[in-house]
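Okay, so here's the structure we're looking at.
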Amino acid sequence: MTSSIARLKITLDDVRPAVARRVEVPLTIRLDRLHLVLQAAMGWTNSHLYEIRARGVGWGVPDPDWGDGPLDARKTRLLDVIEDT
């Protein structure tokens, strides 16, 4: 079975001149891995917490002391997030 590929365009808000990247990732990529792809594409150092948001839901690094924090990005694939979109 071959994996389908998602072509994503990432554009930073409120930055001039505009900064954008295009990446291709498997639809089955976990969101924590997608975060690492975005870090590499932008040349960032992965030094801050993150949250990927869609349809009013957030995924990132859960904190047991923060009850309303993001869902665990290690347990969600890109396909799970976008299949209803």
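The table that follows gives values for the structure above.
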read-out: Helix-only CD estimate at 222 nm, as mean residue ellipticity for the chain, using -39500 (n - 2.57) per DSSP H run (n ≥ 4); value: -5500 deg cm²/dmol
read-out: Karplus 3J(HN,Hα) series, Hz, for the range 62-71 with 6.51 cos²θ - 1.76 cosθ + 1.60 (x for Gly, Pro); value: x, 10, x, 8, 10, x, 9, x, x, 6
read-out: Gyration tensor verdict on the chain (Cα atoms; rounded if a/c is under 1.5, prolate if a/b is larger than b/c, oblate otherwise); value: oblate
read-out: Interchain or long-range residues, amide H under 5 Å from Ile29's placed H; value: Leu78, Leu79
read-out: Residue-wise HN-Hα coupling along the range 5-14, computed from phi with Karplus coefficients 6.51, -1.76, 1.60 (Hz; x: Gly, Pro); value: 10, 9, 9, 10, 10, 10, 10, 7, 6, 6
read-out: Within a Gaussian network of the chain (alpha carbon springs, distance under 10 Å), most fluctuating of Gly43, Gly58, Gly67; value: Gly67
read-out: GNM flexibility winner over the chain from Arg30, Arg21, Arg74 (Cα, springs under 10 Å); value: Arg21
read-out: Note, ³J(HN,Hα) from phi for the range 45-50, Karplus 6.51, -1.76, 1.60, rounded to Hz, x at Gly and Pro; value: 10, 6, 10, 9, 5, 9
read-out: Interchain or long-range residues, amide H under 5 Å from Leu71's placed H; value: Gly58, Trp59, Gly60
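Any read-out appearing in this document is the output of simple, stated calculations on the displayed coordinates, not a laboratory observation. Note that the structure is a prediction, hence the values are computed from the model and not measured.
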